[in-house]
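Read through the structure below, which is laid out as structure tokens, and then see the notes.
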Amino acid sequence: MHALSGRLRSALARSALASSALGRSALGRSALACSALALAAVLGAASVAQARCGDADAPRWLGHQSLIALVNPLGAEHNARFGLCLPLYESADPVLALNHFEAGVSTYLSPVYFVPGAYAQIVPVSFFVLRVEVHGLTVWPIPIAGAGYYARSGYDQSWSQDQVPASDGGSANGFSMRIMGVLRFQVPLTESLSILALAATWTETNILDRGQYWLDVRDDMVAASGDWVIDQEAVLLLQARWPEGFGLRFGAFSALRTLPSAGYVGHQLGPIAMMSFGRVDPHVYGLGFFLRMGIYTSHRFRTGTPSAMLGVNVDWDLGGL
């Protein structure tokens, strides 16, 4: 039992930031990115770093970028974060060793919205991440049904394509706030095989300068200005890794989205595949790609229909202090 406990604890040190690549996709993102976790944010598969700040144990300027494309609903989003990472304390315990604090600026950009702002993230122990984001929010229309700001008469009004014609799209401004927590673990099976698990929960609110109810294109639901949306992402993966830093991951995800004020629940699940690389360049310490296929088990009008998401993540080492 003691040997098994030691293996699990050392596994946390070897993989917490590799798992955090999942979290960044869940951590990243709008619901488009978070539904991708970044755990959105979804979900990424970039970093294979094994230290507190990128692949270093010293203060570093870091960058994180993700590009995600989604089908059903149709969408795309680019997320970028650039900040300073600071180790919190020294510890030889693998459960504590990956501690750090990171803060900086971030943006989310899609064809219909721009969300610029700031983030702060603390990792007090290797397996837990807490992040807060505060952003401005601008939405504008493009000549595609459902793409833009759409006022709704209430929670029950549909947003299916025939209910949100391109001619009715408008613009709006406001701000958003998100609070997110992520748990991440790895259980080694052999030297090259392991099981990865990630669970992320976040809540966010959007406050706009017009209307009470609107089509929240970032969360794919009708919400009122100031409502708090609650999202939960879970991922279970089998990972194969090679000494050169190359890794493959295959598994399943579950994505749950709720709007308590309306009693609305959306959910989808399905398989996910990821491919990751280590330091591919002096300034790139993580590169990853993922593909996620899902089925809606609960949605206002998409239940039983498939969805697909494709993404790429890049983690940048921008130098020390």
(Q) One residue is enough: does the stretch 105-113 have a residue meeting the conditions among the hydrophobic types (A, V, I, L, M, F, W, C) and farther than 22 Å from TYR149 by Cα? (A) yes
Q: Being among the acidic types (Asp, Glu) and buried (at least 20 other Cβ atoms within 10 Å of the Cβ) is the filter here, so list the residues in the stretch 123-182 that pass it.
A: GLU133
Q) Between a first residue in the stretch 215-231 that is on the phi > 0 side of the Ramachandran plot and outside any strand (DSSP E or B) and a second residue that is basic (Lys, Arg) and surrounded by fewer than 24 Cβ atoms within 10 Å (Cβ to Cβ), which pairs have beta carbons less than 8 Å apart while being 6 or more apart in sequence or on different chains? A) ASP220/ARG257
Q. Looking only at the stretch 121-170, which residues are of a type in the set (Lys, Arg) and more than 21 Å from ASP220 (Cβ to Cβ)?
A. ARG131
Q.
Among the residues that make up the stretch 187-204, is at least one of them buried (at least 23 other Cβ atoms within 10 Å of the Cβ) and in a loop (DSSP other than H, G, I, E, B)?
A. no
Q) Any idea which residue in the stretch 300-314 is surrounded by the most Cβ atoms within 10 Å (Cβ to Cβ), counting only those that are of a type in the set (A, V, I, L, M, F, W, C) and within 22 Å of GLN239 (Cα to Cα)? A) MET309
Q: Count, please, the residues in the stretch 239-266 that happen to be within 29 Å of ASP216 (Cα to Cα) and in a strand (DSSP E or B).
A: 11
Q: Output the qualifying pairs, or none if there are none: Cβ atoms under 9 angstrom, residues six or more apart or on different chains, first residue in the stretch 270-299 and surrounded by 15 or more Cβ atoms within 10 Å (Cβ to Cβ) and part of a loop (DSSP other than H, G, I, E, B), second residue hydroxyl-bearing (Ser, Thr, Tyr) and at pLDDT 95 or above.
A: HIS299/THR305
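For a quick check of your reading: which strands (runs of 3 or more DSSP E) sit entirely within the stretch 1-115 and have at least 1 residues that are of a type in the set (Lys, Arg) and at pLDDT 85 or above? Lay out the reasoning, then the answer.
Numbers: elements: 60-71, 75-86, 100-109.
Those strands (runs of 3 or more DSSP E) span 60-71, 75-86.
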**Q.** Verdict on GLY146 being modelled with pLDDT under 95, in contact with a strand residue (DSSP E or B) (Cβ under 9 Å, 6 or more places away or on another chain) and either closer than 26 Å to ILE272 by Cβ or of a type in the set (A, V, I, L, M) (or both)
**A.** yes
Q.
Condition first: in contact with a Pro (Cβ under 9 Å, 6 or more places away or on another chain) and surrounded by 19 or more Cβ atoms within 10 Å (Cβ to Cβ). Now tell me which residues in the stretch 100-122 satisfy that.
A. HIS100, SER106, TYR108, VAL112
Q) In this structure, is VAL134 over 27 Å from PRO260 (Cα atoms) and among the aliphatic types (A, V, I, L, M)? A) no
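The values are calculated or read from the model by the stated rules, or taken from the named source; none is laboratory data. Note that the structure is a prediction, hence the values are computed from the model and not measured. We place every Cβ from the backbone using ideal geometry, glycine too, and count neighbours over all the protein chains shown.
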